[in-house]
Amino acid sequence: MTFATMLEQMSTGMLRTVGIFVLTLIFSMPLGMLVAFARMSKNRIIKNIARIYISVLRGTPLMLQLLVVYFAPFYIWGANIGGYRFAAVIIGFALNYAAYFAEIYRGGIESIPKGQYEAAAVLGYTKSQTFMRIVLPQVAKNIMPAVTNEVITLVKDTSLAFTLAYQEVFTIGKQIAAAQTSFMPFVIAGVFYYIANAVVAFVMEIFEKKMNYYR
Amino acid sequence: MKILEINNCKKQFGDLEVLKDISLSVEQGQVISIIGPSGSGKSTLLRCATLLETMDGGDLIYLGQYAAKDDGNGTAVYASDQELKQIRMNFGLVFQNFNLFPHYSVLKNIMEAPVLVQKRDKAEVKAEAMELLRKMGLEDKADAYPYQLSGGQQQRVSIARALAMKPNILFFDEPTSALDPELTGEILKVIRDLAAEKMTMVIVTHEMAFARDVSDHIIFMDGGVIVEQGDPQQIINDPKEERTKAFLSRF
Ligand SMILES: Nc1ncnc2c1ncn2[C@@H]1O[C@H](COP(=O)(O)OP(=O)(O)O)[C@@H](O)[C@H]1O
Ligand SMILES: [Mg+2]
């Protein structure tokens, strides 16, 4: 097998990897906000559910969570999980990353001084105006470094989709490597992840610079 | 005309009685200074007056409109959120630590609430904001961000921000306490100018000479009660109560 063929076969996997990455962010970032609000809720039941959610999803391996998400419908309800593989990957990743984002958001929100809320309240801002205009923009800036870390980890974590035999770049690479007794697919996969992360780091830096107009 | 009236205000944090039966009334154009040792409840009183804290008991009345009314059994019953929203437009508060919005330029800090909350015309608000900045000697700082300003400049912006709402009464909670001593003068001058324009103000301060010169009335608080109040000259130069004397001897 030539290098070009390998690259071609692996490129579909690369697209799928990018798909996992993008969809995970799209679902986990807003979901994380919900979990963060639940975690900060004054209602003790809601707060404890969120606390347990975060603790379990951060305290068990993502690989195990993927298996549970994929196979649970079958073992619990005897459901047919044939066409469910991709959805399971995305659900598993989104649930897991939401827990991490929730803690990052919570840290960011709790770091905003009480005086910001009080100044806004005296000026007559509503609660939602205060959150959207005063709190959230400052939180976004504060949590940027932590979010960048998480996003870079996600690029690498996408390879865990192999657990469900989802044909992303790493899974395909391993298959080709075994069939061709070649080391090259791993090199290709490594370079791919590295470039993907360089792109992520570049984009995040642009965001960080954009928010650097104040301190 | 009575701008603010507080009757029998009581406030407790857990077992700690912070305000025990405080009453106070402010006429239009009056400047009242509140002095007293740290922990005596001065900030809590301002926070109750500005609806940042809820009183346990007592009345809180702005221009005849009840924000809170004592039910007769010592429990303050607050007006509806809708009414409170309207009542809030009567007052402004200047904090010890300025609490400017760091992600907004000076101009946006001043302009956003009048435009967003009071729904006033943006161009008009901008013109007024620039005028306020001129008054504060900050016309060249409109596009600066708070972190680029000195503490004294930040506090002047926060005063401008409060004034832009056209409040009927302005509260100050130790407006110079977070400033280097050489910067307190510029803030005190701004407040003096406002007093000269007959702005109604309640000022918590540790600047005794300033309080004596600028106020129409001084209140000395200690342990959650008003120990002594009256004419500024008399309170500062010739206090009657032992606790006032002891407090003033520290300055
Ligand atoms: N949110 C709060 N919770 C509990 N205690 C408080 C709170 N705010 C103020 N206190 C207490 O109330 C007392 C009066 O505080 P404060 O009004 O800030 O006094 P001052 O402004 O005169 O220094 C202090 O003992 C303070 O510790
Ligand atoms: Mg205080």
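The values are calculated or read from the model by the stated rules, or taken from the named source; none is laboratory data. Note that this is a predicted model, so its numbers are computed, not measured. Don't worry about glycine lacking a Cβ; one is built from the backbone with ideal geometry, like all the others, and counts go over all protein chains shown.
Assorted remarks:
- Residue that is within 16 Å of ligand 1 (Cβ to nearest atom) and crowded, with 16+ Cβ neighbours inside 10 Å, where the choices are B:207, B:186: B:207
- Residue tally, condition in contact with a strand residue (DSSP E or B) (Cβ under 6 Å, 6 or more places away or on another chain) and more than 26 Å from residue B:36 (Cα to Cα), over the range B:144-166: 1
Condition check ((1) within 14 Å of chain B (Cβ to nearest Cβ); (2) at pLDDT below 95; (3) assigned to a helix (DSSP H, G or I)) across all residues:
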{"residue": "A:153", "(1), (2), (3)": "no, no, yes"}
{"residue": "A:156", "(1), (2), (3)": "no, yes, yes"}
{"residue": "A:163", "(1), (2), (3)": "no, yes, yes"}
{"residue": "A:166", "(1), (2), (3)": "no, yes, no"}
{"residue": "A:170", "(1), (2), (3)": "no, yes, yes"}
{"residue": "A:175", "(1), (2), (3)": "no, yes, yes"}
{"residue": "A:195", "(1), (2), (3)": "no, no, yes"}
{"residue": "A:207", "(1), (2), (3)": "no, yes, yes"}
{"residue": "A:212", "(1), (2), (3)": "yes, yes, no"}
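- Yes/no for residue B:84 being away from every other protein chain (no Cβ under 14 Å) and touching a residue at least 24 places away in the same chain (Cβ under 8 Å): no
- Residue that is away from ligand 2 (no atom under 15 Å from the Cβ), closer than 23 Å to residue B:38 by Cβ and either within 14 Å of chain A (Cβ to nearest Cβ) or not hydroxyl-bearing (Ser, Thr, Tyr) (or both), where the choices are B:195, B:209, B:178: B:209
- Qualifying residue in the range B:123-132 (condition: out of contact with any Gly (no Cβ under 6 Å at 6 or more places or on another chain) and within 14 Å of chain A (Cβ to nearest Cβ)): yes
- Only listed residue being surrounded by fewer than 21 Cβ atoms within 10 Å (Cβ to Cβ), of a type outside the set (Asp, Glu) and closer than 30 Å to residue A:129 by Cα, chosen from B:3, B:61: B:61
- Any hit, the range B:212-229, residues being within 16 Å of ligand 2 (Cβ to nearest atom) and within 17 Å of residue B:94 (Cα to Cα): no
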